[in-house]
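Written below as structure tokens is the structure these notes are about.
Where a number appears in this text, it was derived from the coordinates with a stated rule and is not lab data. Computed from a predicted model, the values in this text were never measured in an experiment. No Cβ is skipped: glycine too gets one built from the backbone with ideal geometry, and neighbour counts run over all protein chains shown.
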Amino acid sequence: MPTLTMPSVRFPEVLPDGFAVPGTGETGEELDRFAHTSTRLLLGTDGLTTPLLEAWVGSVVSVRRMSHRFVRACEAPVGAAELLEAASDEILLERRSVLASSSGVDLSRNVVVARPSLSAAAEQCLTDPSAPIGRMLQAAGTGRRRTIVEVGLHTWGGEPAAYKTYLLWHGEQPLATITELFNPDIVPATLRAPLAPAGRS
């Protein structure tokens, strides 16, 4: 696996479309500070998140809403271009989505920043709102290997919520960085010890 120096990943807290996006959090040992075993499992896995959410809520998980745009790397969320090893003028694809249960409950809010130039099949997946991105990328033959960058707390509707950020790989090259923020009504964000939400003193 390539050796990376992971920079801080800092995303805007609130977006114009109302999607809440995680900011910078703590790494490593912070996973163990979450009180609930299931939350630690969800945050610590380097596999697909969707099957775990489906097992959690006992229903199929689908994309409730999604938007995407192409941006220059220098205009992408801070930290994403570094993680992706992208040049400042490289065109990246930014995808934002919400996953929901079959009953319509929002489960996660997600931000993907990817290098579409690495794989035409991946680009097609990233712009397709019909299914969660992980399964589509694996079906397209890429994005199977993941590296967790950080886990921590942010906020969802003013309440502390768990999130994680990880890298997807295309062979030996970083393909996409994904941040997932989980609904605290579904995924408990209770901690064993105090941890301030990301971006707050």
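Worth pointing out:
- Distance between modelled label sites at Asp89 and Ala35, nm, 7 Å Cα→Cβ extension: 5.3 nm
- Distance-filtered residues of segment 130-145 - backbone nitrogen under 20 Å, label point 7 angstrom along Phe70 Cα→Cβ: 130
- Fully extending the segment from Leu52 to Ala120, taken as 0.36 nm per residue of separation minus the present Cα-Cα distance, adds 21.7 nm.
- Net lengthening on full extension, Ala131/Val105 (0.36 nm per residue, minus Cα-Cα): 7.7 nm
- As a rough guide to protection, the peptides 170-180, 38-48 ranked by mean Cβ packing within 10 Å, highest first, stand as 170-180, 38-48.
- Amide H within-cut-off set for Ala161, under 5 Å, with H built and near neighbours excluded: His154, Thr155, Trp156
- Angstrom value of the Kirkwood radius, inverse mean 1/r, which spans all Cα pairs in segment 39-164: 15.5 Å
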